[in-house]
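What follows is a short report on a single structure.
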Amino acid sequence: MSDIVTEAWKKYLLQLQVHPLRTKAITAGVLAGCSDFAAQKISGVKKLQLRRLFLIMLYGLLYSGPFGHFFHKLMDKIFKGKKGNTTVAKKVIVEQLSSSPWNTILFMTYYGFIVEGRPWPLVKNKLRKDYPSIQLTGWKFWPIVNWVNYQYMPLQLRVLFHSFIAACWGIFLNLKARSVAAKKE
């Protein structure tokens, strides 16, 4: 079994070298889909919502993967040749103050408007109501992830690492939403 995993990993790393953007986009899409699949199962959905699953995968494929690819390249360009804890801290701060709020707003909008098919006024109201608490919760979690990502992950693996943690984060948020709903019942 380990030979199969080792061979698959080697092929994946080769694809990251030969086709980095495509590989990161596909990786983000697949991991987003796995996260949504698990979230649906955890939430007790009787029949898998394939449209939702497809749209979440599409978000990872067309936005999360490519955005991460270019964002991490930009961060390495901005902080070119600089290493150490101070540089990592600066990267984390820049990411948390720039892409983190943007990505949270964009995902909430996409999910409400595209995935759930809600009209814009309802999406806007949900953003106003829920965005601050979601962003604050994210700021308690993602800086640690970003620190590990910038400190220990090579550039070509940062999107994979981030997408994997984002998949786990999505499952966690679903569990949290489910427990809140159960308490209200």
Inset, instruction - Find all pairs meeting these conditions: Cβ atoms under 6 angstrom apart; at least six residues apart or on different chains; first residue within the stretch 150-170 and free of Cβ contacts under 8 Å to residues at least 12 places away in the same chain; second residue open to solvent by 40 Å² or more (accessible area, probe 1.4 Å) and of a type in the set (A, V, I, L, M, F, W, C). - result: 153/161
Inset, instruction - Check the stretch 117-138 and report whether any residue there is open to solvent by less than 70 Å² (accessible area, probe 1.4 Å), without any contact (Cβ under 8 Å) to a residue 40 or more places away in the chain, within 22 Å of residue 163 (Cα to Cα) and not in a helix (DSSP H, G or I). - result: no
Legend entry - Subset of the stretch 160-185 [modelled with pLDDT under 95, among the β-branched types (Val, Ile, Thr) and open to solvent by less than 60 Å² (accessible area, probe 1.4 Å)]: 171
Inset, instruction - Restrict the check to the stretch 100-108 and report whether at least one residue is free of Cβ contacts under 8 Å to residues at least 24 places away in the same chain, part of a helix (DSSP H, G or I), open to solvent by 30 Å² or more (accessible area, probe 1.4 Å) and among the polar types (S, T, N, Q). - result: no
Inset, instruction - Kindly indicate the residue of the stretch 25-34 that is touching a residue at least 60 places away in the same chain (Cβ under 8 Å) and open to solvent by 10 Å² or more (accessible area, probe 1.4 Å) and also farthest from residue 68 (Cα to Cα) among those meeting that condition. - result: 34
Legend entry - Number of the condition not met by residue 37 [criteria: (1) over 15 Å from residue 158 (Cβ atoms); (2) free of Cβ contacts under 8 Å to residues at least 12 places away in the same chain; (3) surrounded by 17 or more Cβ atoms within 10 Å (Cβ to Cβ)]: (2)
Inset, instruction - Please work out which one of (1) under 30 Å from residue 10 (Cβ atoms); (2) open to solvent by less than 30 Å² (accessible area, probe 1.4 Å) is the condition residue 80 fails and give its number. - result: (2)
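The values are calculated or read from the model by the stated rules, or taken from the named source; none is laboratory data. Worth saying up front: this structure is predicted, and the values here are computed from it rather than measured. Note that each Cβ is placed from the backbone with ideal geometry, even for glycine, and that neighbours are counted across all protein chains shown. Protein only, heavy atoms only, side chains kept; ligands, DNA and RNA dropped before computing areas. Shrake-Rupley method; radii C 1.70, N 1.55, O 1.52, S 1.80 Å.
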